[in-house]
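Coordinate-derived values only; no laboratory data. Computed from a prediction, not measured in an experiment: that's the story for all the values here. So basically every Cβ, Gly included, is an ideal-geometry build from the backbone, and we count neighbours across all protein chains shown.
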Amino acid sequence: MAQLSLKNIGKSFDGTDVIRDVSLDVADGELVCLLGPSGSGKSTILRMVGGFETPDRGSILIDGQDVTLILPEKRPTGMVFQSHALWSHMSVADNVAFGLKLRRMPRREIQAKVADALGLVGLKDYGTRRVWQLSGGQQQRVAIARALVLEPKILLLDEPFASLDQHLREHLREELRDIQRRLGITTLFVTHGQDEALALADRIVVLQQGDLEQVASPDRMYRAPETRFVAGFIGSMNFLACDMRHGRADHPLFPVEAPVADGPVELAIRPEALTVAPARAPQAKVHRTTDYGSHLLVDIDLADGTRVKAMCPPSARFAAGDGVTLTADRVTLFRGQKKLAEVSPRPARELSHA
Ligand SMILES: Nc1ncnc2c1ncn2[C@@H]1O[C@H](COP(=O)(O)OP(=O)(O)O)[C@@H](O)[C@H]1O
Ligand SMILES: [Mg+2]
C-alpha cells in the first residue's frame, strides 16, 4: 500500500533536457502507464523512481518520504527491465531468491516466499529449471516474480513484454493486471504501445519530448484528447485541414459549426465516427476495403485528394471505386496543438428525416 509523487522532476543528459518539469501523483494501488514515442523519456522517469538515475531537479516521494537520493536497493521499489537480466546459468528459484539472500533472510523463509512468488506468476513447478530452459514469456514471468518477492511498495516495469509475440503479450498483460489487482500494488508501467496502455492502465500519462502531454483515464484519453499530438498518437484519427469562417468550417463534407475564431483548423474525426453511405452523387470514392472480421475498414479518397479511414460494420458492402457520401457524428477541432472545440453535428440521415 503506497502512494508515489513526482514533484517538478527535471533531468538532462549532456546539456539536453530529457525530462523538463514532470509532476505526477500515483494513488495507492493504482496502475499508471507511461506512454510515448521512443526517446520521450519514459525509461528515464522510471529509472529515477527506481533510483538508477538521479534527477537534476525536483523530488520523488513514496508515502510522503523523500527517496530522491536513496540507493535503488534501499528503496521500496521493484523493477522489471525490458531485457529481463536474469542469471541464465542459475535456477529459477535462485534467481527469485537472490534479493532475499542479500537481505540475509533465513533460508526457510526465503523458500516459502520464492514458492509464493512463483505461484503468483504461474510457475509453481519451475523452481529447479535453469533460466535458459524457459521460453521468453516464462523468463519474463520469472523477472516479475523476482521483483514481487521483495514485496516492494511500488512495482516498476519497463516495456516488460516488448520482445514477446502479440498473443503472448496480450496474455501476460492480462495476467499482470490480475496479479496487480490482487496484490493492490501501486504500479508504473512503461510502454510505447497504445493498446497495452489502453488495456492495462487506470490512468495513462502521455509523454512527448520530456513533457507530460495529458494525464487521463484510457476512456478520456481516447474520447477527449486534449492536444493534437494525443489525438493522433492514441488510436487512429483522420485529420482534415480547412478554415473557419464566421463560426463555420469551410470543409465541403463537414461544414461543422463551432464558436471558434476565424483561421486555419484541423477537423479530427475517428474512423468509427464516420458513417459511409452509397451515393448517386458521390462526395468521395472508396480506395480500398480491409475486412477485419469484427469490422470493415474502408479507405476513402475525398475530392481534394485527402484519404480518410472509416470503420464500418462487418456486414457493410463496399468495394474499391464505389462512390459514397460521408457523415461524421463527432468532430474535434484543433488549431496547432490546441483543442478548440468538440462538436457533434447531427448525421445527415437524421437531418433528412426532420
Ligand atoms: N544515460 C544516458 N545518457 C545520455 N542520454 C540518455 C541516457 N539515457 C537516456 N538518454 C536520452 O534521453 C532521452 C530519453 O530516453 P529514454 O528515457 O530512454 O526514452 P524512452 O524510454 O521514452 O524511449 C533519449 O534521447 C535518450 O537518448
Ligand atoms: Mg525506454
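Across every pair of non-identical alpha carbons in the stretch 1-99, the mean reciprocal distance, once inverted, gives a Kirkwood radius of 14.9 Å. Against the chain, whose longest principal axis is taken from its Cα atoms, helix 166-183 shows a tilt of about 60°. Counting Cα-Cα pairs of the stretch 144-207 in 10 Å increments starting at 0 gives whole-percent bin shares of 19, 58, 22, 0.
Taking the Cα atoms only, what angle lies between the long axis of helix 107-120 and the longest principal axis of the chain, rounded to 10 degrees? Here the helix axis deviates by roughly 20 degrees.
Here the stretch 208-354 yields Rg over Rh of 0.98, to two decimals, using C-alpha coordinates and the Kirkwood radius. Rg and Dmax, both from the Cα atoms of the stretch 39-150 and both in Å, are 15.5, 46.
Treating r as the C-beta distance of Asp28 and Asp178 and R0 as 25 Å, the FRET efficiency rounds to 0.85.
Over 28 Å apart at the Cα level, from the set Lys42/Lys339; Lys42/Lys74; Lys11/Lys309; Lys11/Lys101; Lys42/Lys309; Lys7/Lys101, are Lys11/Lys309; Lys11/Lys101; Lys42/Lys309; Lys7/Lys101.
If you run the Gaussian network model on the chain, springs between alpha carbon atoms under 10 Å, then out of Arg47, Arg245, Arg330 the most flexible one is Arg245. Rg and Dmax of the stretch 72-225, both derived from C-alpha coordinates alone, stand at 16.3, 53 Å. The length gained by stretching the chain between Asp14 and Lys338 to full extension, at 0.36 nm per residue less their Cα-Cα distance, is 113.5 nm. Divide the volume of the convex hull around the Cα atoms of the stretch 84-127 by the residue count and you get 74 Å³ per residue. Counting only Cβ charges, +1 for Lys and Arg and -1 for Asp and Glu, the dipole size of the chain around its Cα centre is about 740 debye. Applying 0.36 nm per residue to the separation of Ser88 and Ala303 and subtracting their alpha-carbon distance, the gain on full extension is 71.5 nm.
For the chain, evaluate the Debye formula with one uniform point scatterer on each Cα (no solvent term) and list log10 I(q)/I(0) at q = 0.06, 0.09, 0.14 Å⁻¹, rounded to two decimals. So the normalised log intensities work out to -0.31, -0.63, -1.10. Where only DSSP H runs of four or more residues are counted, the chain gives -7500 deg cm²/dmol as its mean residue ellipticity at 222 nm, each run worth -39500 (n - 2.57). Placing dummy labels 7 Å off each Cα toward the beta-carbon, the span from Arg107 to Asp21 is 5.7 nm.
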